[in-house]
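Below: the structure, in structure tokens.
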Amino acid sequence: MYLEEKIEEAIVAWDEDSLKELCNSSIESDDVGASELLRIIGRIMRKIGKLFEEEEIFLPDLIGAANVVKNVIDDVLDPAIKNSGEKRETLGRVVLGTVEGDVHSIGKDLVAAFLFSNGFEVFNLGEEVPPAKYIEKAEEFNAQIIGLSSLLTMSMDIQRQVIEELKNRGLRNKYKVIIGGSPTSEEWAKEIDADGWADDAIEAVMLAKKIIQDK
Ligand code: B12
């Protein structure tokens, strides 16, 4: 069985121990590294998401899978990427979070891990982040980029509110704001005056790099 199939089997079975073991042994044997494992897990979660949308699986199945993935990212993949030991110059500082009213973490955590593994310093604010907190943390961390994740049509407007709040505080030109999440789009980014939108974690890295170069 290929690694991706084994990983999928472990996620679907909510088998956190097996998933951790698969990831650890793959990283230790230099077979497939942590960044590639994240990419594989992202693909699988999208597939599982589709099955949920098509009503092939139910909400508890989804929650179980998502929890297992979150724990493995937190306990194994994130530390592996951070300990990879490469000497790195920081490309830039990014404050990233899922907007207020929205608990979806997986896509945002993937973006955080990919940005980090590509040389950015990332301050992951977690989920349900209110507009003011993004701005306060961006000021505190001296960030250049604020990243807003929203997976719910209902929570998308918070992305606009963060940008409005930056304008109210006279800080709009100090930060580049990038957005993402499945209900969002390039058009939505333009409408709310964001500086960029990306469809996935790999594009998010390309976007952040371009923004830093142009800044
Ligand atoms: C897993 C999941 C959950 C899990 C979340 C667990 C967790 N810890 O994250 C649980 C079960 C808790 C959950 C709850 C709910 N969910 Co939900 N969930 C999903 C599901 C199946 C997958 C999301 C996911 O992880 N995708 C995999 C990742 C890798 O992809 P991604 O999130 O899109 O992220 C990528 C890109 O979008 C982008 N990106 C993401 N963020 C950012 C940020 C920046 C700055 C950039 C540049 C890029 C970027 O890069 C990421 C990585 O490649 C989606 C369906 C789907 N297909 O998206 C529904 C979905 C998002 N959920 C939905 C709903 C309705 C809910 C609930 C309201 C359900 C309910 N009735 O209770 C609650 C919401 C509660 C709340 N207040 O937030 C709807 C949203 C519909 C809508 N448009 O509003 C969806 C689309 C399912 C559906 N079709 O009905 N959910």
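The values are calculated or read from the model by the stated rules, or taken from the named source; none is laboratory data. Because the structure is a prediction, the values reported are computed rather than measured. Heads up, the Cβs are rebuilt from the backbone with ideal geometry, glycines too, and the neighbour counts pull from every protein chain shown.
ASP195 is checked against (1) near the ligand (Cβ under 9 Å from one of its atoms); (2) farther than 24 Å from ALA66 by Cβ; (3) not hydroxyl-bearing (Ser, Thr, Tyr) and fails just one. What number does that condition carry?
Unmet condition: (1).
Determine whether TRP188 is of a type in the set (Phe, Trp, Tyr), at pLDDT 95 or above and within 11 Å of the ligand (Cβ to nearest atom). Before you say what the answer is, go through the steps one by one.
Values: of a type in the set (Phe, Trp, Tyr): yes; at pLDDT 95 or above: yes; within 11 Å of the ligand (Cβ to nearest atom): no.
No.
Mind checking which residues of the range 47-63 are charged (D, E, K, R) and more than 19 Å from the chain's Cα centre (by Cα)? It would help to see each step written out before you state the result.
Pass one, the range 47-63, residues charged (D, E, K, R): 47, 50, 53-56, 61.
GLU53, GLU54, GLU55, GLU56, ASP61, listed by residue number.
Do any residues in the range 42-53 that are more than 17 Å from ALA10 (Cβ to Cβ) have Cβ atoms under 6 Å from those of residues that are near the ligand (Cβ under 8 Å from one of its atoms), where the two are at least six apart or on different chains, and which pairs are they?
These pairs meet every condition: PHE52/LEU62.
Out of the range 163-179, which residues are assigned to a helix (DSSP H, G or I) and not charged (D, E, K, R)? Steps first, answer last, please.
First, the residues of the range 163-179 that are assigned to a helix (DSSP H, G or I): 163-168.
Selection gives ILE163, LEU166, ASN168.
Taking GLU53 as meeting all but one of (1) among the acidic types (Asp, Glu); (2) more than 9 Å from the ligand (Cβ to nearest atom); (3) modelled with pLDDT under 95, write down the number of the exception.
(2) is the only condition that GLU53 fails.
Modelled with pLDDT of 95 or more, more than 16 Å from the ligand (Cβ to nearest atom), polar (S, T, N, Q) and on the phi < 0 side of the Ramachandran plot: does that describe ASN142? Give the steps one after another, and end with the answer.
Numbers: modelled with pLDDT of 95 or more: yes; more than 16 Å from the ligand (Cβ to nearest atom): yes; polar (S, T, N, Q): yes; on the phi < 0 side of the Ramachandran plot: no.
Considered against the rule, which asks whether it is modelled with pLDDT of 95 or more, more than 16 Å from the ligand (Cβ to nearest atom), polar (S, T, N, Q) and on the phi < 0 side of the Ramachandran plot, ASN142 comes out as no.
Considering only residues that are of a type in the set (Lys, Arg) and under 29 Å from GLU9 (Cα atoms), look in the range 58-108 and name the one that is farthest from the ligand (Cβ to nearest atom). Walk me through how you get there before you give the answer.
Taking the range 58-108 and keeping what is of a type in the set (Lys, Arg), we get 70, 82, 87-88, 93, 108.
Restricting the remaining residues to those that are under 29 Å from GLU9 (Cα atoms) gives 70, 82, 108.
Working: LYS70: 5, LYS82: 19, LYS108: 5 Å.
Ranking the qualifying residues of the range 58-108, first place goes to LYS82.
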